[in-house]
Amino acid sequence: MDFTEEQLERYSRHIILQEVGVEGQQKLLESSVLIIGAGGLGTPAAQFLAAAGVGKIGLVDADQVELSNLQRQVLHHTPDVGRLKVESAKNKINSMNPDVEVKTYRDYLYSGNIKEVIREYDFIIDGTDNFPAKFLINDAAVMEDKPFSHAGIIKFTGQTMTVVPSEDTPCYRCVFIDPPPPGAVPSCKEAGVLGVLAGVVGALQATEAIKYLLDKGDLLTGNLLNYDALSMDFRKIEVKKNPDCGVCGEDPEITELIDYEQGACEL
Amino acid sequence: MKIQVNGKKVEYENELTVKELLKEEDVDMPEMVSVELNGEILAKDKFDSQLIKDGDQVEFLYFMGGGSNDGLH
């Protein structure tokens, strides 16, 4: 693929980086990332991946934009309230960077459709807010050998970890084992979240996706990064593969995907 | 005994179970925490019986949702 004059200029700050260069930028343009959840984590990730020239971005979300989303979901604007999140996000990405093909899924993912959807992409970003979805994404990614970035946020703290099943790195289930009982999950509306925290953590997820696609640097595998915005502490906690892990352990009992009951948690 | 909890040094007079430590460390909802003891994830059914000993390193890893409610229903 030859770069146009416009592309050379658009991506000049990438191309000048030794770790990216023309070759790396070309890789990004030929890559695809699926973002599950076009909300607090997914929209900042989508913005930076689109700006970076990731050639194909898939967006999964069945919800519409609500006024209370705008405090942190900065890709959605006031006139978008009531529109489908995936349409609103696609619209902005198209205007930001015409090099990016955006594929939208106004669906809920479940055991019956997730594998087929993730198969099409090189890297997955989990930007969902609930544990049934997080475990489903983890298990499907492990089964399909798809690398992904997990993240969660609440109040002033966030966490993120990267899982690369083909390199046998610890998975989300290695650390968290099973979803918490639905009754134990606090209402996220009550808990609240600092808007900018979503942006920081979503941008970290995009960073991991780009590094994976470029095959540069060290990924956040085998580590859970914890970010406390109040104390401004970033702390990496080393995690190991769990031999008893239900999906990637020595004798995994989970061979079919599970649709857990939803623990209500609308962020 | 001296132990480390989430990277910070703390002291307790006597050995205590993981469940007791969660309470001492003011963890409101232990069901929203995964516990790593000296680098290994501890099965939840051992919280009651597993003793924390001098020199142990404990991490409380919190379940965090966040993002967007879209993945499934």
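Here, each number is a calculation from the coordinates, and none is a lab measurement. Quantities reported herein were computed from a predicted structural model and do not represent experimental measurements. All Cβ positions, glycine included, derive from the backbone under ideal geometry; neighbour counts span all protein chains shown.
Could you tell me the center-to-center distance, by alpha carbons, between the stretch B:1-61 and the stretch A:175-245 in angstrom?
21 Å
What is the calculated FRET efficiency for residue A:103 to residue B:1, with r their C-beta to C-beta distance and R₀ = 51 Å, to the nearest 0.05?
Efficiency computed from Cβ-Cβ geometry: 0.35.
If the only charges are +1 at each Lys and Arg Cβ and -1 at each Asp and Glu Cβ, what is the size of the charge dipole of the protein assembly as shown around the Cα centre, to the nearest 20 debye?
Magnitude of the dipole: close to 920 debye.
At a 10 Å Cβ-Cβ cut-off, how would you order A:78, A:162, fewest neighbours first?
Listing A:78, A:162 from fewest to most nearby Cβ atoms yields A:78, A:162.
Once R0 is set to 25 Å, what does the formula 1/(1 + (r/R0)^6) return for the Cβ-Cβ distance between residue B:25 and residue A:71, expressed as a FRET efficiency to the nearest 0.05?
FRET efficiency, residue B:25 to residue A:71: 0.20.
What is the mean number of Cβ atoms from other protein chains located within 10 Å of the Cβ atom of each residue in peptide B:31-37, rounded to a whole number?
Averaged over the peptide's residues, the number is 4.
Order of A:192-203, A:231-242 by packing, highest average Cβ count within 10 Å first?
Order by mean packing, descending: A:192-203, A:231-242.
Let a ≥ b ≥ c be the square roots of the eigenvalues of the Cα gyration tensor of the stretch B:2-62; is it rounded (a/c under 1.5), or, if not, prolate (a/b larger than b/c) or oblate?
Since a/c stays below 1.5, the shape of the stretch B:2-62 is classed as rounded.
Fewest to most neighbouring Cβ within 10 Å: what's the order for A:32, A:149?
A:32, A:149
Using the basic label-point model (7 angstrom from Cα toward the beta carbon), what is the residue A:95 to residue A:256 distance in nanometres?
4.7 nm
Per residue of A:170-183, count partner chain C-beta atoms within 10 Å of its C-beta, then hand back the mean as an integer.
Average per residue, whole number: 3.
So, by mean Cβ neighbours within 10 angstrom, what's the order for A:113-119, A:206-212, A:15-21, A:175-181 with the highest one leading?
A:206-212, A:175-181, A:113-119, A:15-21
Distance check, please: which entries in A:85/A:155; A:27/B:8; A:90/A:146 exceed 32 angstrom between their Cα atoms?
A:27/B:8, as the Cα separations exceed 32 Å there.
Please state the relative contact order of chain B as a whole percent: Cα pairs under 8 Å, 6+ residues apart?
The normalised contact order for chain B reaches 42 percent.
Rounded, prolate or oblate: which fits the stretch A:9-238 when a ≥ b ≥ c are the square roots of the eigenvalues of the alpha-carbon gyration tensor, with rounded for a/c under 1.5 and prolate only if a/b beats b/c?
Rounded shape, in that the Cα axes give a/c under 1.5.
Give me the percent of DSSP beta bridges within the protein assembly as shown that run antiparallel, rounded to the nearest 5.
Expressed as a percentage, antiparallel bridges in the protein assembly as shown total about 60.
Where a ≥ b ≥ c are the square roots of the eigenvalues of the C-alpha gyration tensor, would you call the stretch A:106-172 rounded, which needs a/c under 1.5, or, failing that, prolate if a/b is larger than b/c, or oblate?
oblate
Where in chain A are the helices, taken as whole DSSP H runs, whose Cα atoms extend 15 angstrom or more along the long axis and whose Kyte-Doolittle mean reaches at least -0.5?
Correct list, ordered by number: A:131-144, A:195-214.
Could you work out the relative contact order of chain A? I mean the mean sequence separation of Cα pairs under 8 Å and 6+ apart, divided by the number of residues, in percent.
About 20 percent, as a whole number.
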